[in-house]
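To start, the structure under review is shown below, and the notes come after it.
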């Protein structure tokens, strides 16, 4: 599927205009085609080349993708470099920005998608690293029907944003759509106890979720940028199929409202 790329600058209450990069499917001879929307949240480096390519992959399967630039209160929409200074800036701004500002970004991104004439009104969210946490929080919005969170940082430690005291684990019950959490077992940003805490919180809140831990994956293993030597294209491809299965089932079709809990599981071969 062809893609048209553009952007829109949206005013915020918490720090200047936020640039939202848009990746829109284009089907020749079908000018009135409608598509689901997906918010893609970036890692601490803003909307980098790897994030853009990830967004294009999703858009190419028939989704309008909105990728917001998180650090509009500190800098322009340009991506930070995958180097020491870029990492330092991204990590500093990550905990200087207010959690309320992150949440406003999510709301405005959803609003932007729903305001497009070619959006069918069904919304999903995904993201990596910081963006995985932001996709998790975006799912607190009842308009989000599905979310896929790649190696989401700081959920287990409640250290996102100004004051490093976020309430993400306390708000798990607000997730009404389906979610998938994807981690590498060799990810030292989210240790085993942290992953266990997230999983148990989802269980306790009765969220519909899948939880994946990949034996040999490190942090940021889907980032197709080799400066840090973690990219695993085979595992990234498998995880992308997980995303496509969930979004295809929950966003692309129209199953009607959910009724029941999935039915009884038979204990037979």
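Here, each number is a calculation from the coordinates, and none is a lab measurement. Source: prediction; values computed, not measured. All Cβ positions, glycine included, derive from the backbone under ideal geometry; neighbour counts span all protein chains shown.
In terms of the Cα gyration tensor, with a ≥ b ≥ c the square roots of its eigenvalues, is the stretch 1-95 rounded because a/c is under 1.5, prolate because a/b exceeds b/c, or oblate? Show your work: numbers first, answer last.
Details: a/c = 3.11, a/b = 1.87, b/c = 1.67.
Because a/c hits 1.5 or more and a/b exceeds b/c, the stretch 1-95 counts as prolate.
Here the Gaussian network model covers the chain, with springs between Cα atoms less than 10 Å apart; of 35, 240, 21, 240 fluctuates the most. Using DSSP, restrict attention to beta bridges with both residues in the stretch 2-252 and report what percent are antiparallel, rounded to the nearest 5. Counting only bridges with both partners in the stretch 2-252, antiparallel ones make up about 35 percent.
Share of pairwise Cα-Cα distances greater than 23 Å in the stretch 175-259 is 33 percent (whole percent).
Comparing the chain with the 2.2 N^0.38 Å rule of thumb, its C-alpha radius of gyration ratio is 0.96 (two decimals).
I need the Debye-formula profile for the stretch 87-166: one equal scatterer per C-alpha, no solvent, reported as log10 I(q)/I(0) at q = 0.12, 0.18 1/Å, two decimals. The calculated log intensity ratios at q = 0.12, 0.18 Å⁻¹ are -0.35, -0.74.
Full extension of the chain segment joining residue 193 with residue 225 gains 8.7 nm, where the gain is 0.36 nm per residue of separation less the Cα-Cα distance. Look at 212, 63 and count the other Cβ atoms within 10 Å of each Cβ; fewest to most, that gives 212, 63. For the listed peptides 192-200, 43-51, a ranking on the average number of other beta carbons within 10 Å per residue, highest first, reads 43-51, 192-200. Here 140, 211, 183 are placed in order of increasing Cβ neighbour count within 10 Å, fewest first, which gives 211, 140, 183.
Please report the relative contact order for the stretch 2-252, taking Cα pairs under 8 Å with a sequence separation of at least 6, and give it as a percent rounded to a whole number.
Worked out over the stretch 2-252, it gives 16 percent.
Take the Cα of residue 170, step 7 Å toward its Cβ, do the same at residue 267, and the gap between the two points is 4.0 nm.
Each principal axis of the Cα cloud of the stretch 102-219 was evaluated for its coordinate range; sorted largest first, these ranges are 43, 31, 26 Å.
Estimated at 0.36 nm per residue, the fully extended path between residue 87 and residue 185 surpasses their Cα-Cα distance by 33.0 nm. Fewest-first ordering of 97, 165, 34 by other beta carbons within 10 Å of each residue's beta carbon gives 165, 34, 97.
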